[in-house]
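Colleague: Handing you a structure now.
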Amino acid sequence: MWRAILFALVLATAARAADGASDRIAIVTTGPTFALGAALAHSFAETKLFAGPVAEASEDALRKFCEGVGTAYPDLALSERPLSADERKACRAAGVTPIEVTLGYFGLAILRKPGGAALPLTSRTIFLAVAKDIPSGPDQQLVANASSAWSDVDPKLPKLPISIFGPPAGSEGAQSVGPLLVAQGARTFPALKALEKRAPDEFKDFADGVRSDSAYKPRRHGDDLQALLQANPNALVIADLSGIADGTGGLAVAAVNGVMPQGASLANGSYPYVQEIRLFVKREHLALTPGLRQFLGQALSAAAVGEHGYLRPLGLVPRPPGSPNADSILSRVR
């Protein structure tokens, strides 16, 4: 089904480019949020009340969003991060007033077999177990990760082999292991934190490095997690938060830094492995692009972002109860 949806979006994008139409909502997304943008566009197009939206993924999604006002520029942006100071400055210079709203969250959880050996996990220990390269020695030079036991990572941990089953290759979860698990742990090392500030692109490339030896193995699509941990009782499984929200089938969810992945810890950022999925809409385009207000209403509806919304299977964890809806947001700009 998704191939057909994406093909339709390509055709719609070509149509917009060809006729310079201003009646199609244009969405620009980051790579990790494209599936969400495509689903929102497809659902809105099915109403047949307005021309079908177009969605485009770009490494520079937020920069493109801030480039200007008018039919040549996107109406909306989707991203797993906020606007940077430079992007906000560019928006102001171009006359763009961004309205930002949280669609929900994407995150990763660590699962284990109940009753296993005590293994207190921190973002640093997970980093040292998962990353392709890790700091070593007094000068903290990066070396290939050769840790084979948890006691290699931290002498206080048991002498158990490191055995981690990651998300399936090519999945949204797999794409997030670097930006979440590796990056968060890397920031606990001053030299790597300084690298992120000095050379963010270099830090991002570093964080994308996940080891590929026997200590870390991507699982297969459709693997039964309970059976996987039954066969590997001392292993850990990295899973999408949205996939475990309805229950873990008797598996234990591990705390990280002493924090469990729950509603409050997702919203306040105390749980380390979560990203806030943000939707940005241009205030100036609400009166310019037909259907934009209606699109925003649908994007924030329970049918899209609720407990049983159609974005849930794509990895979106719902917002906490009482989050702003489209009416409360739009009431501020009427």
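Colleague: For the range 205-235, which residues satisfy the criterion of being closer than 20 Å to residue 143 by Cβ and either over 22 Å from the mean Cα position of the chain (by Cα) or surrounded by fewer than 14 Cβ atoms within 10 Å (Cβ to Cβ) (or both)?
Modeller: Of all residues in the range 205-235, those closer than 20 Å to residue 143 by Cβ come to 205-216.
Across the range 205-235, the qualifying residues are 205, 212, 213, 214, 215.
Colleague: Conditions: (1) in a loop (DSSP other than H, G, I, E, B); (2) loosely packed, with under 15 Cβ neighbours inside 10 Å. Residue 50 meets all but one. Number of the miss?
Modeller: The one condition residue 50 does not meet is (2).
Colleague: Are any residues in the range 111-121 surrounded by fewer than 21 Cβ atoms within 10 Å (Cβ to Cβ) and over 16 Å from residue 158 (Cβ atoms), and if so, which ones?
Modeller: 114
Colleague: So, one more: Which residue pairs have Cβ atoms under 6 Å apart, sit 6 or more places apart or on different chains, and have a first residue in the range 195-217 that is farther than 18 Å from residue 60 by Cβ and a second that is among the polar types (S, T, N, Q)?
Modeller: 211/145
Colleague: Another question about this same structure. Is it true that residue 136 is more than 22 Å from the chain's Cα centre (by Cα), of a type in the set (Ser, Thr, Tyr), within 22 Å of residue 184 (Cα to Cα) and not assigned by TED's automatic domain parsing to the domain that holds residue 284?
Modeller: Considered against the rule, which asks whether it is more than 22 Å from the chain's Cα centre (by Cα), of a type in the set (Ser, Thr, Tyr), within 22 Å of residue 184 (Cα to Cα) and not assigned by TED's automatic domain parsing to the domain that holds residue 284, residue 136 comes out as yes.
Colleague: Going by the conditions given, is residue 142 under 24 Å from the mean Cα position of the chain (by Cα), within 26 Å of residue 197 (Cβ to Cβ) and not assigned by TED's automatic domain parsing to the domain that holds residue 315?
Modeller: no
Colleague: Here are some residues: 102, 125, 71. Which one is in contact with an Asp or Glu (Cβ under 6 Å, 6 or more places away or on another chain), β-branched (Val, Ile, Thr) and modelled with pLDDT under 95?
Modeller: 102
Colleague: Now a separate question. Can you name the number of the only condition in (1) in contact (Cβ under 8 Å) with a residue 40 or more places away in the chain; (2) not assigned by TED's automatic domain parsing to the domain that holds residue 121 that residue 309 fails?
Modeller: Tallying (1) in contact (Cβ under 8 Å) with a residue 40 or more places away in the chain; (2) not assigned by TED's automatic domain parsing to the domain that holds residue 121, residue 309 fails exactly one: (1).
Colleague: Taking the conditions exactly as written (touching a helix residue (DSSP H, G or I) at 6+ places or on another chain (Cβ under 8 Å) and surrounded by 15 or more Cβ atoms within 10 Å (Cβ to Cβ)), does residue 159 satisfy them or not? Walk me through how you get there before you give the answer.
Modeller: Values: touching a helix residue (DSSP H, G or I) at 6+ places or on another chain (Cβ under 8 Å): yes; surrounded by 15 or more Cβ atoms within 10 Å (Cβ to Cβ): no.
Taking the combined requirement at face value, the residue does not satisfy it.
Colleague: Another question, if that's okay. For the range 134-154, state whether one or more residues are at pLDDT below 95 and in contact with a His (Cβ under 6 Å, 6 or more places away or on another chain).
Modeller: no
Colleague: On the basis of being out of contact with any helix residue (DSSP H, G or I) (no Cβ under 7 Å at 6 or more places or on another chain) and modelled with pLDDT of 95 or more, does residue 214 make the cut?
Modeller: No.
Colleague: Could you tell me whether the range 38-47 includes any residue that is of a type in the set (A, V, I, L, M, F, W, C), under 18 Å from residue 294 (Cα atoms), touching a strand residue (DSSP E or B) at 6+ places or on another chain (Cβ under 8 Å) and without any contact (Cβ under 8 Å) to a residue 40 or more places away in the chain?
Modeller: Within the range 38-47, one or more residues are of a type in the set (A, V, I, L, M, F, W, C), under 18 Å from residue 294 (Cα atoms), touching a strand residue (DSSP E or B) at 6+ places or on another chain (Cβ under 8 Å) and without any contact (Cβ under 8 Å) to a residue 40 or more places away in the chain.
Colleague: Scan the range 80-110 residue by residue and report those that are touching a residue at least 60 places away in the same chain (Cβ under 8 Å) and among the polar types (S, T, N, Q).
Modeller: 97, 102
Colleague: Is it the case that the range 300-313 has a residue that's surrounded by 19 or more Cβ atoms within 10 Å (Cβ to Cβ) and farther than 23 Å from residue 49 by Cα?
Modeller: Yes, because at least one residue in the range 300-313 is surrounded by 19 or more Cβ atoms within 10 Å (Cβ to Cβ) and farther than 23 Å from residue 49 by Cα.
The values are calculated or read from the model by the stated rules, or taken from the named source; none is laboratory data. Computed from a predicted model, the values in this text were never measured in an experiment. Here the Cβ is made from the backbone with ideal geometry for all residues, glycine too, and neighbour counts use every protein chain on show.
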